[in-house]
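Below is one structure, written out as structure tokens; the observations come after it.
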Amino acid sequence: MPVGNVFETTGVTVVSLMSTDSKNRPEAFATRRGYGLAYRRQQGRTPWVVFLGGFRSDMEGTKAQYLAEWCEARGQAYLRFDYSGHGRSDGVFEEGTISQWTQDTLDLLSVIQGAPCVLVGSSMGGWIMLRVAEALQRQVVGLVGVAAAPDFTRDLMPRDLSDTQRYELKQSGRIRMVSEYDPKGFILTESFMKDGNSCCLLDRPIAIEAPVRLLQGCEDVEVPWDTALRLSTALATQNVQVHLLKDGDHRLSKPEQLAILGQTLADLLAFSEKP
């Protein structure tokens, strides 16, 4: 399993295990780590729009589906997928890490064969988006963060743990967590937290020169709104815009909020297509 900032970018294979009809069953991508990733792609003009979902979300969520329809309407190439242990992809969720899901993203992006792309990262996907953009550099021509949550294993998750949970996590290496967005709960492991802490970004300059747009709700109880400001400061690029939505929660999935996402993406694509 890759850790830290070491990535594998070769040696993967795309296999047609499922239908390529994006409206039916997804395609499958075989990694050399022994598991498959489910994905959907819509051909169109470049740059590709690539959606990176959040923690325990999948490519059938509201924002992913909205972007599928949005890209289809304008003939824009679009790619979405499930990280290992998520959605229809192989793997066990509690065995995953930020490093592994970053590597999943890098592997899966080989299906667009080096074409330029704009990454749209939601919550945890915003963290992975940043790490992928640092790794790929010029291939990534723009980024849109939606309640982006870099460094959440260090800065956000610990605040939600009681003293008893911290003790149990240290002693047994795993605890069960529940939240408003995940009432069924999930297993949180100490190894996941340690790996995440090795992937943190906000304490150093983030070497990304592509334009970045950050959408953040002021009523987000999962990711404080000032996280977007911290991120904008850490980014190397000067082309950063932060859009604060006064009534926005963490999901940012209301119709009017999705419309803002679409307009933000349209403006960024127009900027990236300038000669």
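The values are calculated or read from the model by the stated rules, or taken from the named source; none is laboratory data. Values in this document were obtained by computation on a predicted structure and should not be read as measured data. Note that we place each Cβ from the backbone using ideal geometry, even for glycine, and neighbour counts take in every protein chain shown.
Within the range 193-208, being over 15 Å from the mean Cα position of the chain (by Cα) and touching a residue at least 60 places away in the same chain (Cβ under 8 Å) holds for ASP195, SER198, ILE206, ALA207, ILE208. Of all the numbered requirements in (1) in a helix (DSSP H, G or I); (2) touching a helix residue (DSSP H, G or I) at 6+ places or on another chain (Cβ under 9 Å); (3) small (Gly, Ala, Ser); (4) surrounded by 17 or more Cβ atoms within 10 Å (Cβ to Cβ), ALA266 misses one, and that requirement is (4). Counting the residues of the range 233-250 that are touching an Asp or Glu at 6+ places or on another chain (Cβ under 9 Å), farther than 18 Å from PRO205 by Cβ and of a type in the set (A, V, I, L, M, F, W, C) gives 1. With the structure loaded, tell me whether ALA73 is outside any loop (DSSP other than H, G, I, E, B), at pLDDT 95 or above, surrounded by fewer than 13 Cβ atoms within 10 Å (Cβ to Cβ) and not aromatic (Phe, Trp, Tyr) or whether it fails that test. Answer is yes for this residue. How do the pairs read when you match residues in the range 131-142 that are basic (Lys, Arg) and surrounded by 20 or more Cβ atoms within 10 Å (Cβ to Cβ) with residues anywhere that are assigned to a helix (DSSP H, G or I) and modelled with pLDDT of 95 or more, using Cβ under 6 Å and keeping only pairs 6 or more apart or on different chains? Between residues of the range 131-142 that are basic (Lys, Arg) and surrounded by 20 or more Cβ atoms within 10 Å (Cβ to Cβ) and residues that are assigned to a helix (DSSP H, G or I) and modelled with pLDDT of 95 or more, the close pairs are ARG131/THR102. Considering only the range 4-27, I want to know if a residue exists there that is at pLDDT 50 or above, surrounded by 13 or more Cβ atoms within 10 Å (Cβ to Cβ) and assigned to a strand (DSSP E or B). There is at least one residue in the range 4-27 that is at pLDDT 50 or above, surrounded by 13 or more Cβ atoms within 10 Å (Cβ to Cβ) and assigned to a strand (DSSP E or B). All of (1) farther than 23 Å from VAL212 by Cα; (2) in contact (Cβ under 8 Å) with a residue 12 or more places away in the chain; (3) in a loop (DSSP other than H, G, I, E, B); (4) over 12 Å from the mean Cα position of the chain (by Cα) hold for GLY34 with one exception: (2).
Which of the residues that make up the range 223-244 are assigned to a loop (DSSP other than H, G, I, E, B) and either in contact with a Gly (Cβ under 6 Å, 6 or more places away or on another chain) or surrounded by fewer than 20 Cβ atoms within 10 Å (Cβ to Cβ) (or both)? Result: PRO224, TRP225, ALA236, THR237, GLN238, ASN239.
Considering the conditions (1) modelled with pLDDT of 95 or more; (2) more than 20 Å from PHE51 (Cβ to Cβ); (3) not in a loop (DSSP other than H, G, I, E, B), GLN216 is excluded by exactly one of them, (2). Selection over the range 175-185 of residues that are surrounded by 14 or more Cβ atoms within 10 Å (Cβ to Cβ) and under 19 Å from the mean Cα position of the chain (by Cα) gives a count of 1.
Results for (1) closer than 21 Å to MET157 by Cβ; (2) in contact with a strand residue (DSSP E or B) (Cβ under 8 Å, 6 or more places away or on another chain); (3) not hydrophobic (A, V, I, L, M, F, W, C), shown as yes or no for each residue.
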position: THR97; (1), (2), (3): yes, no, yes
position: THR102; (1), (2), (3): yes, no, yes
position: LEU106; (1), (2), (3): no, no, no
position: LEU109; (1), (2), (3): no, yes, no
position: GLY114; (1), (2), (3): no, no, yes
position: VAL118; (1), (2), (3): no, yes, no
position: ALA135; (1), (2), (3): no, no, no
